[in-house]
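See below for the structure under consideration.
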């Protein structure tokens, strides 16, 4: 089978396509013919050697942590009815950028008929995080909610979920194309935080925010914190703009702001599965679907990473096998 491997930390060119023997499912496992592989922004940082304590990876390794596809074979002790089913699953150190994957049957979910395999792959991680944040951070009708990095895979889902909860949703991203996409997703106001004065525009429109869902981090996240009303909620779960924008603890306490950090969204396997089921159901029955902006064939995994790193992507990036 074909698989992407990383032999050394570096630029996108270190993503190398290679041939390896086809795997076979062991007891309790499924063999999937992969249709779509998930690609995460954090995987580009790990590839550069910036995983740190949260993602301690040492080359050589196989990138990718989730796929959607069709069950080709089942291992011992697995119900043969799984064969032929469309499913979605996380993958382990055996990689996720490949055309055959072996996954545990008890950590795999069937994909509803109303949801495509591409959508299922796009929900595998961002859908889980969005559903988990829905549990952790209350969004009530008429709340003023800001989503940063709103045109990314996770941000697009958070915009839709907040709108469905009845909130007034401000979506922040960079560029007119992304702003237009966010209005189509239901944002009440879409701002470009690369433009001076964006926080003043948000404050004028909202009078202050009840909730900030910060997927950008860095200076954008820190600026967003200043827009919160006392007693608000701040989730610091993203880093693309330069590290998690975790507020000063003393300042947050003085303003009675409840802070949710990256550790709060590192869910147990059981909760991840529950949130994935929630995300698939939301897509199938409530129309909260991922924004898939671009796809690349497996052999162009390096191009997928380049597009993510140069900020030319919108929504979710996937590898189509």
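No value in this document is a laboratory result; all are computed from the given coordinates. Treat the numbers as computed from the prediction; the structure is a model and nothing was measured. Please note: Cβ atoms are built from the backbone with ideal geometry, for glycine as well, and neighbour counts cover all protein chains shown.
Which of 154, 123, 50 moves most in a GNM of the chain, Cα contacts under 10 Å?
Between 154, 123, 50, it is 50 that shows the largest mean-square fluctuation.
So, in Å, what gap is there between the alpha-carbon centers of segment 125-163 and segment 54-92?
For segment 125-163 versus segment 54-92, the Cα centre distance is 27 Å.
What number, in nm² with one decimal, is the all-direction average of the projected area of the convex hull of the alpha-carbon atoms of the chain? Before the final figure, lay out each step's value.
Details: hull surface 62.3 nm².
Directional mean of the projected Cα hull area for the chain stands at 15.6 nm².
Find how many whole Å separate the alpha carbon centroid of segment 299-321 from the alpha carbon centroid of segment 1-40.
16
Compute the Cα gyration tensor for segment 155-212, then decide on rounded, prolate or oblate, letting a ≥ b ≥ c be the square roots of its eigenvalues: rounded whenever a/c is under 1.5, prolate when a/b is larger than b/c in the other cases, and oblate in all that remain.
Values: a/c = 2.17, a/b = 1.12, b/c = 1.93.
Oblate, since a/c reaches 1.5 and b/c is not below a/b.
Angle between the Cα long axis of helix 153-164 and the longest principal axis of the chain, 0 to 90 degrees, nearest 10?
60
Would segment 281-321 count as rounded, prolate or oblate if I go by the C-alpha gyration tensor, calling it rounded below 1.5 in a/c and otherwise prolate when a/b exceeds b/c, oblate otherwise?
It comes out oblate by the Cα gyration axes.
Between helix 269-285 and the chain, what is the angle of the helix's C-alpha long axis to the longest principal axis, kept within 0 to 90° and rounded to the nearest 10?
80
Considering only C-alpha atoms, what is the centroid distance from segment 188-236 to segment 243-296, in Å?
17
Taking springs between alpha-carbon atoms closer than 10 angstrom, which of 197, 166, 28 fluctuates most in the Gaussian network model of the chain?
Result for the chain, Cα springs under 10 Å: 197 fluctuates most.
Only Cα pairs under 8 Å and at least 6 apart count here; give the relative contact order of segment 129-265 as a rounded whole percent. Walk me through the numbers before you get to the answer.
Working: 296 pairs, mean separation 28.6, N = 137.
Relative contact order comes out at 21 percent.
So for 100, 203, fewest C-beta neighbours within 10 Å to most, what's the order? It would help to have the intermediate numbers written out before the result.
Numbers: 100 22, 203 13.
Going from sparsest to densest Cβ surroundings: 203, 100.
Neighbouring Cβ atoms within 10 Å as the yardstick, rank 116, 312, 235 fewest first.
Details: 116 19, 312 12, 235 26.
Least to most surrounded, the residues fall as 312, 116, 235.
So what is the relative contact order of the chain, in percent, for Cα pairs below 8 Å that sit 6 or more residues apart? Can you show the working numbers first?
Details: 753 pairs, mean separation 58.7, N = 321.
Relative contact order comes out at 18 percent.
Could you tell me which of rounded, prolate or oblate describes segment 129-265, using a ≥ b ≥ c as the square roots of the eigenvalues of the alpha-carbon gyration tensor, with rounded for a/c under 1.5 and, failing that, prolate when a/b is larger than b/c and oblate otherwise?
Details: a/c = 1.30, a/b = 1.22, b/c = 1.07.
Rounded shape, in that the Cα axes give a/c under 1.5.
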